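For reference, the structure is listed below as structure tokens.
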Amino acid sequence: MLDLSLINNCLGESSGGEIMALLTFGDFVLDTAQKRVYRHHRRVGLAGMPLEVFYYLIEHAADGRIVTRDELRKQIWRCKVEDVTIRSCIGNLREALGDPVAHPRYLGTQGRAGWRLLRPVSRLPMHSRSALPPAPGGAYDAACYVTRPAEEHVLSSCMQLPGRAAVIFGPPGSGKRLLIEHTIAQALQDESAPLGRALRVSVRSAVEPPATSLDALLKELGRLLLQASGQPDKDSHRTLETFWSPPILAKEKLRELVLHLLSSGAPSGKSPPIALVFCEADRLAGCRFQEDVFNMLRAWQEDPFFDAMRLLIETNLPSHLFPMGCQSSLWTKVHRVDVSRIKREQLSRLAVLHNVQASKLECDRLGELVGWNVYLCRVALFHAAVHGMSLGAVLAAYKPEQRAFSAFADHLEDLNHDLERLDATGALSKPIGSLLKEAVDGVSLPPETAWRLMRKGVVAATETRGQFRSRCPLYRDFFRVEPS
């Protein structure tokens, strides 16, 4: 999804004004004046001739006409170049766009005739920088946060006293980090029970590529913790090597390092609490050291020297299913915070914050369509805000029988590519459409399949152990199996 709020800020630095126009192409945003390309709130690494070719196609072939090699020679290179040079340039462009030639989404090859754009190009209406809400999947923005009183109460209580971790779980984009950041921000301002600071670590960064040993994995976690504490790279490297030099177990090395961080900058015995946030913890699923890590975290919870630690674990998987076979005692003594669904009142509040007209009936229709997933709700509302539409108009454009998926088209295409890669690994026993059709009321899935699909947000656990259901009608509509 397009993160125009961040792009607006970037463009404002060079444009010198509050008003601008942007072009959209699929899930890309283009600034033709500065020749910059963005996707999912990140700058796309396009430069040189591939960037020139891309902008030529956008500006001169937006209607989908075929652009020939000779036209590119004349208009871009303005000299005689070999076909191999042009093909190499197109290949680099495809790589930057994430557009494989075998399954193109953005740029179609028309034999030897040339190339054409496969998505329409449209100009967004002029917006002031403050008019657009934060895009779904973007950074925490207090101005567009919708409160979750029950969940916030649980997290706040976890940060009052040591000894019990909080596990915040829900499908991708369900607002886990928004909830964590909001609660931490409130705790940092609470004079009655102040929080000193928060250290955030991405478990994904520690386990990808896979660690060769437990020592290597924990050392990388230590490096990430030092990085999160704000130490310069040179100092953090020196500190890490100091703690890793003694001939003791890796868990003890990391324990000593964490104790150092907990007491750093405060007099002995007066250290303010520190929130230790492990993000993307589900990335440990399938890691051969997962049980060691979870048992270590559980030991920290019972360690009297860790009284200043407040442990928060963010994951796409619920704790009772999480490691899929790992029996760590960590999961028996945690506060579980499920953020997989929002309520109608919260969705209505989101619509107000997006300045989108939405009736209660339309909010109910959207919520039911997406399984009350806050990310998918924000996808629809952001689309409506950008294009000046009502929620009713967005829903009216949703016509799955015609393969028209309105605001969700790009998200569904991205998900489809992810699931195709998953299927290629042999993790799916049958086509995803057949699986979701069977899973309307619940279906048994092997653990290796279940946690992978849950991590993608495609299925949800039921009350029956080992049974899973499809998360929402949106996915069933997109992946439905046509009758033969």
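Every number here is computed from the coordinates shown, using simple stated rules; none is lab data. Keep in mind that what you see is a predicted model, and the values were worked out from it rather than measured. Counting neighbours? That spans all protein chains shown, and the Cβs are built from the backbone with ideal geometry, glycine included.
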Computed over segment 411-478, the relative contact order (Cα-Cα under 8 Å, seq sep at least six) in percent reads 32 percent
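Can you give me the Rg/Rh ratio for segment 411-478, using Cα atoms for both radii and the Kirkwood formula for Rh?
Values: Rg = 10.9 Å, Rh = 11.9 Å.
Reported Rg/Rh (Cα atoms, Kirkwood Rh): 0.92.
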Once the chain is represented by equal point scatterers at the alpha-carbon sites, with solvent omitted, what log10 I(q)/I(0) does the Debye formula produce at q = 0.07, 0.09, 0.11 Å⁻¹? -0.45, -0.74, -1.07
Rounded to the nearest 10 degrees, the helix 250-263 long axis (Cα) sits at an angle to the longest Cα principal axis of the chain of 90 degrees
Proximal charge balance of S122 [Cβ under 14 Å; K/R count +1, D/E count -1]: -2
Given unit charges at Cβ for Lys, Arg (+) and Asp, Glu (-), the dipole magnitude of the chain about its Cα centre in debye, nearest 20, is 600 debye
For K456, other-chain or 5+-apart residues with amide H closer than 5 Å (H placed, Pro excluded) are none
Considering only the other residues whose Cβ falls under 10 Å of the Cβ of L311, what net charge follows from Lys and Arg at +1 and Asp and Glu at -1? +3
Least to most buried among C472, C158, C377, by other C-beta atoms within 10 Å and fewest first, runs C472, C158, C377
Over the chain, what is the percentage of antiparallel beta bridges among all DSSP beta bridges, to the nearest 5? 55 percent
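Counting alpha carbon pairs within less than 8 Å and at least 6 residues apart, what relative contact order, in whole percent, applies to the chain?
Working: 726 pairs, mean separation 70.3, N = 484.
It comes to 15 percent, rounded to a whole number.
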R0 of 25 Å, Cβ-Cβ distance L249-S157: FRET efficiency to nearest 0.05: 0.15
Summed side-chain charge close to Y55 - residues other than Y55 whose Cβ falls under 11 Å, Lys, Arg +1, Asp, Glu -1: -1
Measure out, as a whole number of angstrom, how far apart the alpha-carbon centroids of segment 455-481 and segment 353-386 sit. 20 Å
The size of the Cβ-based charge dipole (Lys, Arg +1; Asp, Glu -1) of segment 181-269 about the Cα centre, to the nearest 20 debye, is 180 debye
Cβ density ranking, 10 Å radius, fewest first, applied to D441, D31 yields D441, D31
Sorted by Cβ density within 10 Å, fewest first, the residues R238, R349, R378: R238, R349, R378
Relative contact order of segment 279-420, defined on C-alpha pairs under 8 angstrom at six or more residues apart (%): 17 percent
What list of ³J(HN,Hα) values in whole Hz, one per residue of segment 54-68 in order, does the Karplus curve 6.51 cos²θ - 1.76 cosθ + 1.60 (θ = phi - 60°) give from phi, with Gly and Pro shown as x? 4, 5, 5, 4, 5, 7, 10, 9, 5, 7, x, 5, 7, 9, 8
Taking the chain and counting helices only, DSSP H stretches of n ≥ 4 at -39,500 (n - 2.57) each over all residues, the nearest-500 ellipticity at 222 nm comes to -12500 deg cm²/dmol
By how many degrees, between 0 and 90 and to the nearest 10, does the Cα long axis of helix 360-369 differ from the longest principal axis of the chain? 80 degrees
